[in-house]
Amino acid sequence: MKAYVVERDALIHNIHALRSFAGKVPIWAVLKGNGYGIGIVPFSRILHENGIDHFAVTELKEAEVLRENYPDASILMMRSTSDPEEISALLDLGAYLTVGSYETAVAINGVAAERSAIAQAHIAIDTGMGRYGFLPEDTDKIISVYEYMKNIRVAGIFTHFHSAFSNEKATKHQFERFSAVVDKLRAAGYDTGMAHCCNSHAFVRHPEMHMDAVRIGSAFLGRLAFKDKLGLQQIGYAECTLEEIRWIPKGQTIGYAAAFQASQQMRTAVIGVGWYNGFAASRENDTFRFRDSIGGILHHLKNLLFPKKILVTVNGHKCRTLGHVGMVHAVVDVTDIDCAVGDKAVVSINPLLVKGLRVQYR
Ligand SMILES: *Cc1c(COP(=O)(O)O)cnc(C)c1O
């Protein structure tokens, strides 16, 4: 048996803590990547039951699933698209589109005009993420959306922070650049609709940046890079059974590269989750420059030579892993605890990294 367990109560606790911190500011729940790995349908249902009715996605399929389940919810496609079929489908769904460039504005306006429809859209501003959005100095291009795109109604404007988890100075700088664009447009008489910039980390750390709405993903899962003051709870862990228990003699090696060698006789248990399932994997590649640094390289080298001792809970006791965590297996030290084949082991895994495990809500 193995599964990824999502604790409903912890999730609901987080939703309420975040809503209360947001006050009157609406929260767009970000549900990309199949709802951060815990299933867009069950996750969105719990969000919706607990007062969230704004959803932000990056794929058409996600928007379709949400519309099917929540006829009245607001759905924002955060990725800018100029694909006519995609635009057309999003208009059918009554979703908000993202205008990230003059070219996407032309494409969206064209499709909407053909259908004699008005596309509701948010304007994306690129303050440093470098993906979608008008550069802050391109105010003229943004204004041309208002002036010439008669089938687009601007309902919002947003930007995305690149370092809110680590660098307050960079975030403030992005915020200032974004605010300046919003202020300039408003001063010139253009209705920007709701302005929003905060992701989870900025939301928690910078209440002064909440503006008219916020976009929250990882905070619902209680997994932020710093300790938050909202009392968010980490949700999600893998549960699996002990598949094999044995005594090994002194000198026995364990795992690839024989990175562990027993210095005395010991009792070990094998569990059926490994790095393929997200165990002992990390998101450093995605979010941190750490691995590019000398420190990061040394850290990596140290991990290769001396595998990190990662803890697994067996019958309520913390046990260390022995040797490298394998692709779908790990070996843990159960010398000092009472356990038998079939007992449960609990493994902390970030839901974003979970693969190959059935997600179970409890
Ligand atoms: C993923 C994403 C978010 C949510 O980020 P979290 O840090 O998980 O809260 C917000 N906005 C955009 C544009 C995103 O892509």
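Specify the residue that is nearest to residue 10 (Cα to Cα); the eligible residues are those in segment 58-94 that are of a type in the set (Asp, Glu) and within 16 Å of the ligand (Cβ to nearest atom).
As a first pass, look at segment 58-94 and keep what is of a type in the set (Asp, Glu): 59, 62, 64, 68, 72, 83, 85-86, 92.
The next check asks that each one be within 16 Å of the ligand (Cβ to nearest atom); those that pass are 59, 62.
Numbers: 59: 27, 62: 24 Å.
The selected residue is 62.
Restricting to segment 1-57, name every residue that is within 13 Å of the ligand (Cβ to nearest atom), touching a Ser or Thr at 6+ places or on another chain (Cβ under 9 Å) and of a type in the set (Val, Ile, Thr).
Result: 30, single match.
Show me the strands (runs of 3 or more DSSP E) entirely contained within segment 254-362 in which 1 or more residues are touching a Leu at 6+ places or on another chain (Cβ under 7 Å), among the polar types (S, T, N, Q) and at pLDDT 95 or above.
Numbers: elements: 266-271, 311-314, 317-320, 330-333, 344-347, 358-361.
Hits in segment 254-362: 266-271.
Against the condition among the small types (Gly, Ala, Ser), part of a loop (DSSP other than H, G, I, E, B) and modelled with pLDDT of 95 or more, how does residue 35 come out, does it pass? Talk me through it step by step, then tell me what you get.
Details: among the small types (Gly, Ala, Ser): yes; part of a loop (DSSP other than H, G, I, E, B): no; modelled with pLDDT of 95 or more: yes.
It is false that residue 35 is among the small types (Gly, Ala, Ser), part of a loop (DSSP other than H, G, I, E, B) and modelled with pLDDT of 95 or more.
Is it fair to say residue 104 is touching a helix residue (DSSP H, G or I) at 6+ places or on another chain (Cβ under 7 Å) and within 16 Å of the ligand (Cβ to nearest atom)?
Numbers: touching a helix residue (DSSP H, G or I) at 6+ places or on another chain (Cβ under 7 Å): no; within 16 Å of the ligand (Cβ to nearest atom): yes.
No, not satisfied.
Restricting to segment 157-172, and then to whatever is surrounded by fewer than 21 Cβ atoms within 10 Å (Cβ to Cβ) and in contact (Cβ under 8 Å) with a residue 40 or more places away in the chain, can you tell me which residue is farthest from the ligand (Cβ to nearest atom)?
First, pick out the residues of segment 157-172 that are surrounded by fewer than 21 Cβ atoms within 10 Å (Cβ to Cβ): 162-163, 165-170, 172.
Still in the list and also in contact (Cβ under 8 Å) with a residue 40 or more places away in the chain: 165-166, 170.
Numbers: 165: 7, 166: 12, 170: 15 Å.
Among those residues, the one meeting the criterion is 170.
Hey, can you tell me all the residues within segment 239-266 that are among the small types (Gly, Ala, Ser), surrounded by fewer than 13 Cβ atoms within 10 Å (Cβ to Cβ) and in contact with a strand residue (DSSP E or B) (Cβ under 9 Å, 6 or more places away or on another chain)? Break it down into steps so the answer makes sense when it comes.
First pass over segment 239-266, keeping only residues among the small types (Gly, Ala, Ser): 251, 255, 257-259, 262-263.
From what is left, the residues that are surrounded by fewer than 13 Cβ atoms within 10 Å (Cβ to Cβ) are 251, 257-258, 263.
Hit for segment 239-266 is 251, nothing else.
Assess whether residue 71 counts as being without any contact (Cβ under 8 Å) to a residue 12 or more places away in the chain and not charged (D, E, K, R). Spell out the reasoning first.
Numbers: without any contact (Cβ under 8 Å) to a residue 12 or more places away in the chain: yes; not charged (D, E, K, R): yes.
It is true that residue 71 is without any contact (Cβ under 8 Å) to a residue 12 or more places away in the chain and not charged (D, E, K, R).
Quick check: anything in segment 200-222 within 23 Å of the chain's Cα centre (by Cα), of a type in the set (Val, Ile, Thr) and more than 30 Å from residue 6 (Cα to Cα)? I'd like the intermediate steps shown before the answer.
Of the residues in segment 200-222, the ones within 23 Å of the chain's Cα centre (by Cα) are 200-222.
Now drop any that are not of a type in the set (Val, Ile, Thr), which leaves 204, 214, 216.
Now drop any that are not more than 30 Å from residue 6 (Cα to Cα), which leaves none.
Checked against the condition, which is being within 23 Å of the chain's Cα centre (by Cα), of a type in the set (Val, Ile, Thr) and more than 30 Å from residue 6 (Cα to Cα), segment 200-222 yields no hits at all.
What single numbered condition from (1) within 14 Å of the ligand (Cβ to nearest atom); (2) β-branched (Val, Ile, Thr); (3) over 17 Å from residue 55 (Cβ atoms) fails to hold for residue 98?
With respect to (1) within 14 Å of the ligand (Cβ to nearest atom); (2) β-branched (Val, Ile, Thr); (3) over 17 Å from residue 55 (Cβ atoms), residue 98 is out only on (3).
Going through segment 182-222 one residue at a time, which ones are within 8 Å of the ligand (Cβ to nearest atom) and polar (S, T, N, Q)?
Scanning segment 182-222 gives 199, 200, 218.
Could you check how many residues of segment 34-83 are farther than 22 Å from residue 156 by Cα and among the charged types (D, E, K, R)?
4
Tell me which residues, restricted to segment 125-147, are within 15 Å of the ligand (Cβ to nearest atom) and loosely packed, with under 14 Cβ neighbours inside 10 Å.
Those that are within 15 Å of the ligand (Cβ to nearest atom) and loosely packed, with under 14 Cβ neighbours inside 10 Å: 130, 131.
The values are calculated or read from the model by the stated rules, or taken from the named source; none is laboratory data. Predicted model only: the values in this text are computed from it and were never measured. Because the Cβ atoms are built from the backbone with ideal geometry, glycine has one as well, and the counts that use them run over all protein chains shown.
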